[in-house]
Amino acid sequence: SQKIEQNSEALNIQEGKTATLTCNYTNYSPAYLQWYRQDPGRGPVFLLLIRENEKEKRKERLKVTFDTTLKQSLFHITASQPADSATYLCALLASGDMRFGAGTRLTVKP
Amino acid sequence: DGGITQSPKYLFRKEGQNVTLSCEQNLNHDAMYWYRQDPGQGLRLIYYSQIVNDFQKGDIAEGYSVSREKKESFPLTVTSAQKNPTAFYLCASRDRVIANEKLFFGSGTQLSVL
């Protein structure tokens, strides 16, 4: 069966450190993968998209990698800040519908 | 101001009652989606529609129904057959014409059972 797994339910780090979140998938052949941020009681907000032919994508303090051999994407937040505390979700498009991982709740402590 | 609007923000359902959650978008998007989110859980797909008058079941469609009579609107009805409806419901839309296009989400409806 198809699965999208974010293998850390929660991640706590100190301000200024780099947060690394993992997204693994099985039985998908995605052309691209997306990352979203969700704050409590709100809808997710799109952050980054990476295509299958791209190894790495950057946007300000965010970096995403995509390894189609390992079927894995890594999401990095460098120089993390308390304002980065949120749940981060990865998503794949499959036959017209978007499927999400369970998310990783990141807490950045001052 | 383009966007996607969900209403109401909070909704209470009595036992045996059907309730309808509204989702409207003015982004001219063809594809629309309904997700359910339980506390501490990810998003699970209920239904999605890629074009007017057509929709497909997601992973947890039982106890729910939808319609897509207009491009802008994709209401979700939680029927009395859904025995555990308490959850946060999210509607989203996407432009199918643009490949890889991101989802735009509404602000959600919190449904609770009285």
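The values are calculated or read from the model by the stated rules, or taken from the named source; none is laboratory data. What you are looking at is a predicted structure, and each value in this text was computed from that prediction instead of being measured. Glycine gets a Cβ as well: all are built from the backbone with ideal geometry, and neighbour counts include every protein chain shown. Just the protein is used for accessible areas: all its heavy atoms, side chains included, with ligands, DNA and RNA removed. Shrake-Rupley method; radii C 1.70, N 1.55, O 1.52, S 1.80 Å.
Brief remarks follow.
- Contact with the other protein chains removes 20 Å² or more of accessible area, compared with the isolated chain and a 1.4 Å probe, from these residues of segment A:4-32: A:32.
- Accessible area of the protein assembly as shown belonging to carbon and sulfur atoms, whole % at 1.4 Å probe: 46 percent
- Cross-link pairs exceeding 22 Å between alpha carbons, from the set A:17/B:102; A:55/B:102; A:59/B:102; A:3/A:59; B:9/B:57; A:17/A:59: A:17/B:102; A:3/A:59; B:9/B:57.
- Within the protein assembly as shown: Cβ-based charge dipole about Cα centre, in debye rounded to nearest 20 (Lys, Arg +1; Asp, Glu -1): 280 debye
- Built amide H within the under 5 Å cut-off of residue A:98, gap 5+: none
- Summarising the label geometry, the points placed 7 Å from Cα in the beta-carbon direction at residue B:60 and residue A:22 lie 2.6 nm from one another.
- Buried solvent-accessible surface, both chains (B, A), 1.4 Å probe, Å² to nearest 100: 1600 Å²
- Placing +1 on the Cβ of every Lys and Arg and -1 on the Cβ of every Asp and Glu, with nothing else charged, gives chain B a dipole about its Cα centre of roughly 220 debye.
- Each principal axis of the Cα cloud of chain B was evaluated for its coordinate range; sorted largest first, these ranges are 41, 25, 23 Å.
- Per residue, in Å², the accessible surface of segment B:15-114 once ligands and nucleic acids are set aside, probe 1.4 Å: 45 Å²
- Average accessible surface area per residue within chain A, 1.4 Å rolling probe, Å²: 50 Å²
- Long-range amide H partners of residue A:8 with built H, under 5 Å: A:22
- Whole-number percent relative contact order across chain A, with pairs defined as alpha carbons under 8 Å at least 6 apart: 36 percent
- Counting Cβ atoms of other protein chains within 10 Å of each residue's Cβ and taking the mean over peptide A:34-46 gives 5.
- Amide H contacts of residue B:110 (H built 1.01 Å from N, in plane; Pro and chain starts excluded): B:10, B:11, B:89 sit under 5 Å, all sequence-distant by 5 or more or on other chains.
- Gaussian network model of chain B, Cα within-10 Å springs - most flexible of B:50, B:25, B:41: B:41
- Counting charges near residue B:64 (Lys, Arg +1; Asp, Glu -1) among other residues having Cβ under 13 Å from its Cβ returns a value of +3.
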